[in-house]
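The structure appears right after this line, and notes come after that.
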Amino acid sequence: MQITVCGAAGEVTGSGYLVETQRARVLVDFGMFQGRDASVAKNRDLAKVDPRRLDAIVLTHAHLDHCGRLPLLAAAGFRKPIYCTAATADFALLVLYDSAHIQESDAERDRRHFQPRHRGEHPPEPLYTREDVEHLSGRFRAVAYNELTEVADGISIRLVDAGHLLGSASVEMHIQEEGTTRIIVFSGDLGSANTPYLRDPTPFTSADLVFLESTYGNRNHRPLEATLTEFEQILKDAVRDGERVLIPAFAIGRTQQIVYYIAQFIRERGLAPIPIYLDSPMAIEATHLYARHRDLFDEEAGLLVKNDPLAEHPKTLQFSKTADESKQLNNLRNAAVIIAASGMCEGGRILHHLKHNLWRRSVHVVFVGYQAEGTLGSRLVGGAKQVRVLGEPVNVEAEIHTLGGFSGHAGQSELIDWLAHLAPVKPRVVLTHGETDARQALQHLVQGRFGIDAELPMRNDVISL
Ligand SMILES: [Zn+2]
């Protein structure tokens, strides 16, 4: 059998693995390439993945860099099942419809400015459309954690909780070939311990081959408690001054975690019940999906839901669905938290709030996630005194805070602890989903701790077993 690494090899986006045996072809994830090295051409290139010859797809979780290219396969004729948890199916459709909408609007904008450089040059087409996503919507097959499920001839999978996003999974793949069964483990993205709502990642104890993510292969996170103390103080200052706190955040995951922490501060740390406005249709939808899948919550979140301080103070959490409701937030006169996308301030409703508030001295802007280079978010975090927002220059007088302790990914020592459960059986280890520095640092550590020479493949490299 052989496994082709389709992406996230020497980078952190575009995850995908094509597993081929004599009898079947199964794809694990097919994510979008994003950021610095991404391009439409790179995303369009399906390489060895022939969608009509696939028997099944297994999806670890709903982040765009893991599911974002699935609609391309639908457009090219893929009509087989996609196996994942029920929560992942729900979140993936939310993410993919949003992505298709962005692809369509970007292409529309580019078409308006299109000037052919030579005869016969076509105007830009969207990477995919909402119609392509529609084709996928009936393909999802919900699989519960820990159940062994046959997905193709001679190939079964068992999903376990990866603790990275609600419904996220690591995959244990059992492959029968020539009378023997071999096990391949795909870590998917692994979460960090003590993330709100999420159980800790489940380790494995047997495998012949392991694909391990290495996003934070070279460092550990800042302690969470220090971050929470800082966050609590910002909120208390805002309540005292009757001021607003703007939080640019990703709609799925981080937004719900931030609301969770504020609820916890109100219940356990004496924070006054400050109104929280979710100003993002996608974040509102994702929050409803969290409620629908509360059976996946960890014990602590289960308890918080039972004694929910936000339910005791019904005015605390409010949803701004329409653009009008969003605009009305400009008239707020009391302390309030406004959470809006996008997380890196590259678009979305957060831009309007920044335009109306950045120049005000006592407003707080709180960054709770990674800010890629070149984004408005990174300029603000970097201390810019003036920025352009929606085409206009705005002076930055607001207090900019960067909270570094929240992370969706396991830190270096957590990756090593996860692998320690497998190390005694000496599997082949392949490190993916990490920038070069992170992968090499983890490779070094895996050699030192376990005496295993981990492999670092590049895109389209093939691993034979
Ligand atoms: Zn992820």
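If you go through region 180-213 and keep only what is out of contact with any Leu (no Cβ under 7 Å at 6 or more places or on another chain), crowded, with 20+ Cβ neighbours inside 10 Å and hydroxyl-bearing (S, T, Y), you end up with S192, T195. Here is a check on your reading of the model: is Q386 farther than 22 Å from I274 by Cβ, surrounded by 18 or more Cβ atoms within 10 Å (Cβ to Cβ) and polar (S, T, N, Q)? No: the conditions fail for Q386. Looking at the structure I just gave you, is G77 away from the ligand (no atom under 16 Å from the Cβ) and either under 25 Å from L212 (Cβ atoms) or not β-branched (V, I, T) (or both)? Against the criterion (away from the ligand (no atom under 16 Å from the Cβ) and either under 25 Å from L212 (Cβ atoms) or not β-branched (V, I, T) (or both)), G77 qualifies. Kindly check whether there is at least one residue in region 246-265 that is at negative phi and without any contact (Cβ under 8 Å) to a residue 40 or more places away in the chain. Within region 246-265 (the criterion being at negative phi and without any contact (Cβ under 8 Å) to a residue 40 or more places away in the chain), the answer is yes, since at least one residue qualifies. For E232, are the conditions met, namely being surrounded by 14 or more Cβ atoms within 10 Å (Cβ to Cβ) and in contact with a strand residue (DSSP E or B) (Cβ under 8 Å, 6 or more places away or on another chain)? No.
Let's see how each residue does on (1) more than 16 Å from the ligand (Cβ to nearest atom); (2) more than 30 Å from R360 (Cα to Cα); (3) not assigned by TED's automatic domain parsing to the domain that holds A207:
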residue: R388; (1), (2), (3): yes, no, yes
residue: G391; (1), (2), (3): yes, no, yes
residue: E414; (1), (2), (3): no, yes, no
residue: A420; (1), (2), (3): yes, yes, no
residue: P424; (1), (2), (3): yes, yes, no
residue: G434; (1), (2), (3): no, yes, no
residue: H444; (1), (2), (3): yes, yes, no
residue: R449; (1), (2), (3): yes, yes, no
residue: A454; (1), (2), (3): yes, yes, no
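Selection over region 425-439 of residues that are touching a residue at least 40 places away in the same chain (Cβ under 8 Å) and over 23 Å from the mean Cα position of the chain (by Cα) gives a count of 4.
Residues that are part of a helix (DSSP H, G or I) and among the polar types (S, T, N, Q) within region 353-409 comprise N357, S378, listed in sequence order. When region 236-258 is filtered for residues that are among the hydrophobic types (A, V, I, L, M, F, W, C) and more than 14 Å from V368 (Cα to Cα), the ones remaining, listed by number, are A238, V239. Considering L198, L209, the condition of being closer than 25 Å to H66 by Cβ, within 16 Å of the ligand (Cβ to nearest atom) and assigned by TED's automatic domain parsing to the domain that holds L419 is satisfied by L198 alone.
Going through V185, V151 one at a time, which residue ends up being more than 16 Å from the ligand (Cβ to nearest atom), within 21 Å of L73 (Cβ to Cβ), hydrophobic (A, V, I, L, M, F, W, C) and assigned to a strand (DSSP E or B)? Every option except V151 fails the conditions. Being loosely packed, with under 13 Cβ neighbours inside 10 Å, over 22 Å from E268 (Cβ atoms) and not assigned by TED's automatic domain parsing to the domain that holds V12 is true for just one of A341, A323. Which residue is that? Going through A341, A323 in turn, the sole match is A323.
The values are calculated or read from the model by the stated rules, or taken from the named source; none is laboratory data. All of these numbers come straight from a predicted model, not from anything done at the bench. All Cβ positions, glycine included, derive from the backbone under ideal geometry; neighbour counts span all protein chains shown.
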